[in-house]
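Single-structure report; data block below.
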Amino acid sequence: MEAIVRACAHEAWPARIAAVIANRPDAAGLAFAASHGIATAVVDHRQYPDRVSFDAALAQTIDGYAPDLVVLAGFMRVLTEGFVQHYSGRMLNIHPSLLPSFPGLKTHQQALDAGCRVHGATVHFVTPTLDHGPIVAQSAVPVRAGDDAAALAARVLKTEHEMYPRAVRWFVEGRLALDGERVTLAAPEPQWLFLDDANEAQAHTAGEGA
């Protein structure tokens with residue numbers, strides 16, 4: 001979230017961050033948002049008897065700010081189908097794996113256990129199926145000898161902070177189009193980010209060799 005807020009200001013996007021909403025009152029992002037003059041709200045899931053009622057309250061809060069795009073950033077709740085459908089085509093998520101591989105939790109350990117040679121993250125439109133949806137962009141990093149889950153996660157996170165703001169900007173600029181399960185980008189630019197062994201991020205157009 002912080003990377004997106006900073007990129008929006010630094011790159012002068014034709015947009016503004018309408019609000020930052022959390023389901024935990026102690027979420028660190030709330031203080032960061034307030035310090036940048038962004039409206040904040042808390043919808044505490046513990047105050048609701050079930051996911052349906054929580055999601056209804058969350059949607060009501062979101063809609064009060066009338067956003068064009070909902071961006072999930074560090075939001076770990078599983079959303080109901082009705083909520084997801086309400087924001088169909090205008091809700092993005094980032095998942096720390098190269099989807100469709102390794103949905104769910106502990107993705108970095110899953111990649112290590114599977115013997116993967118590369119690992120990464122995926123920005124995608126949200127659909128009712130958990131960690132599934134049309135892919136906007138992906139990043140990849142090498143899995144090195146001696147890596148543990150924490151080391152691999154840190155390497156992936158570097159690419160997430162670059163890739164997620166870029167994908168949000170594409171939406172803001174009206175350059176993303178959904179064609180079934182595929183996402184097309186107008187005025188093509190790299191939709192693929194690779195962090196090489198020298199720790200230098202290199203971007204490659206989707207479909208090109210890395």
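Every number here is computed from the coordinates shown, using simple stated rules; none is lab data. Since the structure is predicted, the reported quantities are computational estimates derived from the model, not experimental observations. Methodologically, a virtual Cβ is constructed for each residue, glycine included, from the backbone with ideal geometry; neighbour enumeration extends over all protein chains shown.
If a spin label sat at a point 7 angstrom from the Cα of H161 along the line to its beta carbon, the backbone N atoms of the stretch 1-20 nearer than 13 Å would be those of 1-7.
Taking Lys and Arg as +1 and Asp and Glu as -1, the other residues whose beta-carbon sits under 15 Å from that of T61 total -1. Placing a pseudo-label 7 Å from each Cα along the Cα-to-Cβ vector at D63 and R6 gives an inter-label distance of 3.5 nm.
Estimated at 0.36 nm per residue, the fully extended path between A18 and D179 surpasses their Cα-Cα distance by 55.2 nm.
The label point for S35 and the one for Q109, both projected 7 Å from the Cα toward the Cβ, are 3.2 nm apart. Among the chymotrypsin sites (Phe, Trp or Tyr not before Pro) in the stretch 1-95, none is located in a DSSP loop while being surrounded by at most 11 other Cβ atoms within 10 Å of its own Cβ.
Using Cα pairs under 8 angstrom and six or more residues apart, how large is the relative contact order of the stretch 49-98, in percent? With pairs under 8 Å counted, the relative contact order is 44 percent. Here Kirkwood radius over Cα pairs in Å was calculated from the structure, and among (i) 20.0; (ii) 18.0; (iii) 16.9 it sits at label (ii).
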